[in-house]
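Below is one structure; the comments refer to it alone.
The values are calculated or read from the model by the stated rules, or taken from the named source; none is laboratory data. Please read these numbers as outputs of a predicted model, since none were measured by experiment. A quick note on method: Cβ atoms are made from the backbone with ideal geometry, for glycine too, and the neighbour counts reach across all protein chains shown.
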Amino acid sequence: MWLTAQAAFAAAFLYILISYADIAYKQSRSRLPPGPRQLPLIGNILQVPLEYQERVFAQWSRQYGDVVYARLFRTPTIILGTLQTARDLMDKRSAKYSGRPRSVMLKEMLDWDRLMVVLDYGDLWRKHRKWIQGSFNDKASLLAWQVVQRREVCVLLSLLLSKPESFLQHLKRYSAALIMETVYGHTVTSDNDEYVAVIEEAMKGTVESGTAGATPVDFFPILKYVPSWMPGAQYKRQALHVRRLVQEANNKPFEMVKRLMTLGRAKPSVVSSLLEASTRAGTLTEDELDIKGAGGALYGPGTDTTNSVMTTFFLAMVLHPEVLKKAQEEIDQVVGAERLPDFPDREKLPYVECVVKEVYRWICPLPLGIPHRVTENDGYLGYEVPKGAMIIPNIWSMSMNAEIYPEPAQFRPERFLDMNPNLVDFADPRGYVFGFGRRICPGRQFADASVWLVIASVVATFNIRTAKDIMGNELVPEASYDSGIVSHPHPFACSIMPRSSRSIATVMEAKSALDA
């Protein structure tokens, strides 16, 4: 009888405790933005798919509002579904919203501890940003790199003339060659360049290791201490393998620059300039690891996203020959057929500019951007934003907002010409695909110029059409992309032919002039 009473008392006490906990949770939760119902301990993690998370997040935004709260295991997460909310918080309040979530896998296990894109906001991040801005964001630097951009565009056009079926490989080579030349002063002369191969292998292993800040070991850091020999510790064995690749990718091109500097044969580059400046300042010992890390960190963000945008352009032209024709007519009128488009022509080619904008928007290269972290408690629209919350900007949802971009699934550059003048700057995709606030890509102007020159030059010299099978049937590709940190259109075939014999001559003359 006594045991029964004791059991009843314990049950009642437990019920009261749970009730109070539930009330406290609801009261606390009521001050947070709305969001999907959570499960104990794991939160909403089971509701987040392994692929195309941006689509589920967009669905949540339609259901719960522009600002959505979720919990991924122990991590409070705020998902921003509209451009206005991202601008309000990540741009206007960037002092609070410039942190990064802790990335155990990327920084602590793979040794990307000086990768600027995942560095937390602080002195080391400021140091790296200052270096990169000085190398890629001021007018003098941008003008200096134009020689490299022109040369590599000519190489790309020549490769498209000789082997058009390998256009995807040529685009990848262009992105890699730009970064290797500007960062290390190394000219890429073949598809199997030894330095590019090393870095590409490290990047591939890094991507396969998972999204920064969102792998199991990021949610449960204790997992990094699990011995690699234990069953189920494949992630640890893979991390050790990739770590060696990352170290080689950072060391090999860096040591090449140092060796050439000693011999007096190093070409101008970001790394050589930083090494020279640190030597003059007497800070080389403390700066060397940071310079090495800064150089290695520029390759992935500088190549993968650029390659994605250019591949999207080719896909769009295959599916929309009317857009290509209209852009060609504009270039023919402004530039003519005797030379290639050049940077001073840009402001005279408004339709080509709209094509570039629409390419960024249609299949945005970073659908969920790179997560931020809020560094202090904040409030927005009457809701609490708790300190330490991960902030995810759903860039895909922003680019597909029908209120700003009617019929968003359609590739239609004219939308920017027809747009309300008061909306044009706000709706320019370059205002969000490169990030927000203090974390915006410091090399965005260089990247955008590199993309523009390719698009304008290809439009001027080539016709891009659907490929045909052996029976003569058109192989129309789908407007689809793979899931990942960076979105790439699914591989597709197309027909790439020079517009005329004059186009061939123009390409060869331009290449000869630059090679002279």
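For the reader, a short list of remarks on this structure follows.
- Residues in region 380-411 that are without any contact (Cβ under 8 Å) to a residue 60 or more places away in the chain and either surrounded by fewer than 21 Cβ atoms within 10 Å (Cβ to Cβ) or within 18 Å of Asp91 (Cβ to Cβ) (or both): Gly382, Lys387, Ser399, Ala402, Glu403, Pro406, Glu407, Pro408, Gln410.
- Residue match in region 130-142 (condition: within 19 Å of Leu298 (Cα to Cα), part of a loop (DSSP other than H, G, I, E, B) and not basic (Lys, Arg)): yes
- Within region 320-348, tally of residues that are among the small types (Gly, Ala, Ser) and free of Cβ contacts under 8 Å to residues at least 24 places away in the same chain: 1
- Failed criterion for Ala177 (all others in (1) crowded, with 18+ Cβ neighbours inside 10 Å; (2) of a type in the set (Gly, Ala, Ser); (3) not in a helix (DSSP H, G or I) hold): (3)
- Answer from Arg361, Arg346 - the residue that is of a type in the set (Lys, Arg) and more than 24 Å from Glu407 (Cβ to Cβ): Arg346
- Among the residues of region 487-516, the ones that are of a type in the set (Gly, Ala, Ser), surrounded by fewer than 16 Cβ atoms within 10 Å (Cβ to Cβ) and over 15 Å from Val459 (Cβ atoms) come to 6 in all.
- Filter result for Leu340 (modelled with pLDDT of 95 or more, crowded, with 22+ Cβ neighbours inside 10 Å and in contact with a Phe, Trp or Tyr (Cβ under 9 Å, 6 or more places away or on another chain)): no
- Among residues of region 421-443, those that are in a helix (DSSP H, G or I) and either within 18 Å of His372 (Cβ to Cβ) or not aliphatic (A, V, I, L, M) (or both), counted: 8
- Taking the criterion of being free of Cβ contacts under 8 Å to residues at least 40 places away in the same chain and in a loop (DSSP other than H, G, I, E, B), the residues of region 454-479 that qualify are Asp469, Ile470, Met471, Gly472, Asn473, Glu478.
- Some residue of region 480-495 being over 24 Å from Val117 (Cα atoms), in a loop (DSSP other than H, G, I, E, B) and of a type in the set (Phe, Trp, Tyr): yes
- The residue list Gly435, Gly443, Gly472 contains one member that is of a type outside the set (Val, Ile, Thr) and either closer than 20 Å to Asn394 by Cβ or not assigned by TED's automatic domain parsing to the domain that holds Ile363 (or both), which is Gly435.
- Unique match (being assigned to a helix (DSSP H, G or I) and of a type in the set (D, E, K, R)) among Glu347, Glu338: Glu347
- Enumeration of residues in region 61-120 that are assigned to a loop (DSSP other than H, G, I, E, B), among the polar types (S, T, N, Q) and in contact with a strand residue (DSSP E or B) (Cβ under 7 Å, 6 or more places away or on another chain): Ser98
- For region 123-144, the candidate set comprises residues that are surrounded by 16 or more Cβ atoms within 10 Å (Cβ to Cβ) and under 20 Å from the mean Cα position of the chain (by Cα); within that set, the residue that is farthest from Gly437 (Cα to Cα) is Ser135.
- Scanning region 280-297 turns up no residue that is touching a Ser or Thr at 6+ places or on another chain (Cβ under 8 Å) and modelled with pLDDT of 95 or more.
- On inspection, Gly210 does not qualify as among the small types (Gly, Ala, Ser), buried (at least 17 other Cβ atoms within 10 Å of the Cβ), at pLDDT below 90 and part of a helix (DSSP H, G or I).
- Selection status of Tyr351, under 27 Å from the mean Cα position of the chain (by Cα), in contact (Cβ under 8 Å) with a residue 24 or more places away in the chain and crowded, with 23+ Cβ neighbours inside 10 Å: no
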